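To start, the structure under review is shown below, and the notes come after it.
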Amino acid sequence: MMDIIFNMLMIFLVITAFFMVFTKDISTAVIALPIYGAILVVIFVILQAPGPAIAEAVIAAGLTTVFFVITINKTEY
């Protein structure tokens with residue numbers, strides 16, 4: 001059962017990564033970033049790696065997304 005969940009999460013992770021790279025809208029890609037980070041956090045927890053999971057949750061899903069949103073709001077595109 002756990003293998004099926006792990007494989008589904010890996011598939012969603014790859015789909016989200018492709019979506020972030022190939023989308024035309026910058027704000028859509030920035031919104032997909034915390035989704036990617038959340039999936040990665042769940043994968044780290046399944047692999048019993050709480051340290052990288054916490055770091056991924058705080059840095060990638062939190063701070064990086066906030067910085068991207070601030071940058072997009074301050075620029076004209």
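At-a-glance table
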read-out: Where P34 falls short, out of the listed (1) of a type outside the set (S, T, N, Q); (2) within 18 Å of V69 (Cβ to Cβ); (3) out of contact with any helix residue (DSSP H, G or I) (no Cβ under 8 Å at 6 or more places or on another chain); value: (3)
read-out: Scan of region 2-43 for residues that are under 12 Å from the mean Cα position of the chain (by Cα) and touching a residue at least 40 places away in the same chain (Cβ under 8 Å), ordered by number; value: V30
read-out: Hits in region 1-39 - residues which are more than 19 Å from A60 (Cα to Cα) and part of a helix (DSSP H, G or I); value: M2, D3, I4, I5, F6, N7, M8, I11, F22
read-out: Residue match in region 46-56 (condition: within 23 Å of T71 (Cβ to Cβ) and in a helix (DSSP H, G or I)); value: yes
read-out: Residues located in region 39-77, provided they are surrounded by 17 or more Cβ atoms within 10 Å (Cβ to Cβ) and among the small types (G, A, S); value: A53, A57, A60, A61
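Coordinate-derived values only; no laboratory data. The model shown is predicted, which means the values in this text are computed figures rather than measured ones. Cβ coordinates were reconstructed from backbone atoms using ideal geometry, including for glycine residues, and neighbour counts include every protein chain displayed.
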